[in-house]
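Here's the structure, in structure tokens; my notes come after.
The values are calculated or read from the model by the stated rules, or taken from the named source; none is laboratory data. Here the structure is a predicted model, which is why all the values come from computation and not from measurement. Please note: Cβ atoms are built from the backbone with ideal geometry, for glycine as well, and neighbour counts cover all protein chains shown. These area figures cover heavy atoms from the full protein model, side chains too; ligands, DNA and RNA do not enter into them. Shrake-Rupley method; radii C 1.70, N 1.55, O 1.52, S 1.80 Å.
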Amino acid sequence: MPATVLEARALLLDMDGTLVNSDAVVERCWRRWATAQGLDPVAALEVVHGRQGYATMAALLPDRPMEQNYAENRIMLAEETADTEGVVPVGGAPAFMASIAALPHALVTSADEALAQARMTAAALPMPETRVTAEMVGASKPDPEGFLKGAAELGFDPADCIVFEDSEAGIAAGRAAGMRVVGVGPRAAALAPDVHVEDLTQLRVEAGADGSIRLLVDAA
């Protein structure tokens, strides 16, 4: 028997750290950036995950003009898009994505469209037809805009959606959107999501005849 059963009408999926393990390239690019700014790379990496790059830069260098952050974020996105070495699917992601292919779901990521395409392709995962990427929102996670937009695109109320996230910013965004959150991976473990899984192998999905989605979460 599963340890937990959640019911929803739609699923909203973060990408990095949730479906795709891109930590290697994220750390390479952001270590270079932090070192160039005279910042401690280890401390910088504590802030990076889940946010758009300009928001990370603003958090680390709060006195710097935002125009400079936006400009450097464009450079960072290009570097990350070109570097897919070490990008692999999170455990269980291929089977999980196959199980929800016919169910309402959307990708909600802080990556832009080009980066999302590059990483999903590198991880050999199908790209959801409905997605909310960086270009489509005015505010980065932890703002809930992306998840609210994803729910609206799918045609469901926020309360009927379950968010899948790995980062502090992403989990906060899901909560702020009024959604339940499944935390995925080690970063999520200490952030008190509604349910935590080590990876996606702990999840099974069942489709109800009424259009509902049953999410069965096995104990670790």
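By accessible area of protein heavy atoms, probe 1.4 Å, what ranking do 201, 18 get, highest first?
201, 18
Would you calculate the convex hull of the Cα atoms in the stretch 151-220 and tell me its volume per residue in Å³?
88 Å³
Determine the shape class of the stretch 113-176: with a ≥ b ≥ c the square roots of the Cα gyration tensor eigenvalues, call it rounded for a/c under 1.5, and otherwise prolate if a/b is greater than b/c, oblate otherwise. Write out the running numbers ahead of the final one.
Numbers: a/c = 1.67, a/b = 1.44, b/c = 1.16.
In terms of gyration-tensor shape, prolate.
In what order, largest first, do 156, 164 sit by accessible area if the probe radius is 1.4 Å?
Output order, biggest surface exposure first: 156, 164.
How much net charge surrounds residue 9 when only the other residues with a Cβ under 14 Å from the Cβ of residue 9 are counted, with Lys and Arg +1 and Asp and Glu -1?
Net charge around residue 9: -4.
Ordered by residue, what ³J(HN,Hα) values in Hz, to whole numbers, does the stretch 127-134 give under the Karplus form 6.51 cos²θ - 1.76 cosθ + 1.60, where θ = phi - 60° and Gly and Pro are x?
With coefficients 6.51, -1.76 and 1.60, one gets 7, x, 5, 9, 8, 10, 10, 4 Hz.
Using the Cα centre as the reference, give the magnitude of the dipole from point charges on the C-beta atoms of the chain (Lys, Arg: +1; Asp, Glu: -1; all else neutral), rounded to the nearest 20 debye.
Details: 16 positive and 32 negative charges, 13 e Å.
With only Lys, Arg, Asp and Glu charged at Cβ, the dipole is about 60 debye.
Could you work out Rg/(2.2 N^0.38 Å) for the stretch 1-80, with Rg from alpha carbons only?
Compactness ratio reported: 1.38.
Computed over the Cα atoms, what is the radius of gyration of the stretch 95-220 divided by 2.2 N^0.38 Å, N being its residue count? Can you show the working numbers first?
Values: Rg = 13.9 Å, N = 126, 2.2 N^0.38 = 13.8 Å.
With N residues counted in the stretch 95-220, Rg over 2.2 N^0.38 Å equals 1.01.
Would you grab the residues whose amide H sits under 5 Å from the one on residue 156? Only those 5+ places off in sequence or on another chain, please, with H modelled 1.01 Å from N.
Long-range HN contacts for residue 156: none found.
Carbon and sulfur atoms: what percent of the 1.4 Å accessible area of the chain do they account for?
53 percent
Skip the ligands, DNA and RNA, and give the accessible area per residue of the chain with a 1.4 Å probe, whole Å². Working shown, then result.
Numbers: 9490 Å² over 220 residues.
Per residue, the chain has 43 Å² of solvent-accessible surface.
Semi-axes of the equivalent ellipsoid for the stretch 22-129, please: Cα gyration tensor eigenvalues, times 5, square-rooted, ordered largest first, whole Å.
Numbers: eigenvalues 164, 42, 28 Å².
So the equivalent ellipsoid measures 29, 14, 12 Å along its semi-axes.
How much net charge surrounds residue 176 when only other residues with a Cβ under 10 Å from its Cβ are counted (Lys, Arg +1; Asp, Glu -1)?
For residues surrounding residue 176, the net value is 0.
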